[in-house]
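The values are calculated or read from the model by the stated rules, or taken from the named source; none is laboratory data. Keep in mind that what you see is a predicted model, and the values were worked out from it rather than measured. Counting neighbours? That spans all protein chains shown, and the Cβs are built from the backbone with ideal geometry, glycine included.
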Amino acid sequence: MTSKTNIGIIICDRYRRCAGGKCLRSMKKREGAFSIYAEAEIELVGYTTCDGCPGGNIEYAGEEMVKNGAQVIHLATGMIVGYPPCPYIETFKSFLKHRYGVDVVVGTHPIPEKYLEMHTLLGTWDDASWKPLLDPTMTDETIRKAYN
Ligand code: SF4
């Protein structure tokens with residue numbers, strides 16, 4: 001990507017009190033899912049929650065973000081690492097893509113090491129279908145520990 005990319009972030013409502021610290025830090029440092037932008041300029045044009053299960057705000061937030069110029073919507077890492085992970089990730093992804101023609105990336109900040117340890121213990125991510133969802137934010141141990 002060479003020119004500026006406008007992005008929106010939708011977080012899991014379980015973390016609605018989150019001030020966005022990890023997402024904003026990783027956005028600035030181009031870590032986790034934001035590494036795809038490398039040195040390219042990005043601008044955050046929307047940030048909100050799904051409004052709770054089963055994610056009623058995905059429809060409205062997606063529309064507003066795209067109207068505000070979003071080219072990519074990131075589904076925050078909290079959707080993957082929550083206990084349990086969000087069961088609607090694939091639905092959100094497919095809906096946003098087909099309804100608004102926007103690119104969707106699963107993940108924002110690197111997966112914190114403590115979540116990797118717990119989900120490994122629980123076997124949450126054992127199924128191979130998790131791999132493409134985890135890859136953008138798995139990073140390495142040093143970075144994961146920095147996001148604990
Ligand atoms: S688990 Fe999914 S639908 Fe439920 S609050 Fe979190 S992101 Fe929203």
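Worth pointing out:
Residue-wise test of (1) modelled with pLDDT of 95 or more; (2) farther than 13 Å from Ile10 by Cβ; (3) among the aliphatic types (A, V, I, L, M); (4) touching a helix residue (DSSP H, G or I) at 6+ places or on another chain (Cβ under 8 Å).
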{"site": "Glu43", "(1), (2), (3), (4)": "yes, yes, no, no"}
{"site": "His74", "(1), (2), (3), (4)": "yes, no, no, yes"}
{"site": "Met79", "(1), (2), (3), (4)": "yes, no, yes, yes"}
{"site": "Glu90", "(1), (2), (3), (4)": "yes, yes, no, no"}
{"site": "Glu113", "(1), (2), (3), (4)": "yes, yes, no, yes"}
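- Residues being more than 16 Å from Ala76 (Cα to Cα) and in contact with a Lys or Arg (Cβ under 9 Å, 6 or more places away or on another chain) - total across region 114-142: 2
- Index of the failed condition, Tyr83 passing every other in (1) of a type in the set (Ser, Thr, Tyr); (2) in contact with a helix residue (DSSP H, G or I) (Cβ under 9 Å, 6 or more places away or on another chain); (3) closer than 14 Å to Ile10 by Cα: (3)
- Just one of the listed residues (Gly32, Gly8) is crowded, with 21+ Cβ neighbours inside 10 Å, closer than 21 Å to Pro112 by Cα and touching a Ser or Thr at 6+ places or on another chain (Cβ under 9 Å), and it is Gly32.
- The condition of being on the phi > 0 side of the Ramachandran plot and either crowded, with 18+ Cβ neighbours inside 10 Å or touching a residue at least 40 places away in the same chain (Cβ under 8 Å) (or both) holds for only one of Gly69, Gly52, that being Gly69.
- The C-beta contact set for region 1-29 (first residue under 14 Å from Leu75 (Cβ atoms) and of a type in the set (A, V, I, L, M, F, W, C), second residue more than 16 Å from the ligand (Cβ to nearest atom) and in a loop (DSSP other than H, G, I, E, B), distance under 9 angstrom, 6+ apart or interchain) comprises Ile7/Ala70; Ile7/Gln71.
- For region 51-87, filtering for residues that are within 14 Å of Val105 (Cα to Cα) and within 7 Å of the ligand (Cβ to nearest atom) leaves 1.
- Conditions (1) more than 20 Å from Lys22 (Cβ to Cβ); (2) within 9 Å of the ligand (Cβ to nearest atom); number of the one not met by Ser94: (2)
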